[in-house]
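Reviewing the structure listed below.
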Amino acid sequence: MKYDKEYLKKMKANPGDKTLSPTCDNCEFNMGNVCAGSGDRTDGKGDIYGMSIDETKKMFPDGCSDFGISFSAFEIQEKMNGR
């Protein structure tokens, strides 16, 4: 897993922090049944906004370019780091 500056920004983490995986389950754009992100689909059919979460998870198992950590996932990540 890469820990470059952009990755740490998306995860709202500091260098050396333990982080959660950047998946749909931990994404701020996961609206339960649909994705509200705006990244591009890998099948060329537009952007990901409105895709079912199940379809999005299959297409982006490691998160998409629009990923941002959700508040609940951020809380868990902070606890993992003793904060």
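Here is how the numbers come out for the structure above:
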| item | result |
| --- | --- |
| Identity of the residue in the stretch 1-38, under 17 Å from E75 (Cα atoms) and either of a type in the set (D, E) or touching a Lys or Arg at 6+ places or on another chain (Cβ under 8 Å) (or both), that ends up surrounded by the most Cβ atoms within 10 Å (Cβ to Cβ) | C24 |
| Tally, over the stretch 60-79, of residues that are hydrophobic (A, V, I, L, M, F, W, C), surrounded by 16 or more Cβ atoms within 10 Å (Cβ to Cβ) and outside any loop (DSSP other than H, G, I, E, B) | 3 |
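Conditions tested, residue by residue: (1) polar (S, T, N, Q); (2) touching a helix residue (DSSP H, G or I) at 6+ places or on another chain (Cβ under 6 Å); (3) part of a loop (DSSP other than H, G, I, E, B).
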position: L8; (1), (2), (3): no, no, no
position: K18; (1), (2), (3): no, yes, yes
position: S21; (1), (2), (3): yes, no, yes
position: S38; (1), (2), (3): yes, no, yes
position: G44; (1), (2), (3): no, no, yes
position: Y49; (1), (2), (3): no, no, yes
position: E55; (1), (2), (3): no, no, no
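Computed from the coordinates by the stated procedures, all read-outs in this text should not be read as laboratory data. Everything quoted here is computed from the prediction, not taken from an experiment. Counting neighbours? That spans all protein chains shown, and the Cβs are built from the backbone with ideal geometry, glycine included.
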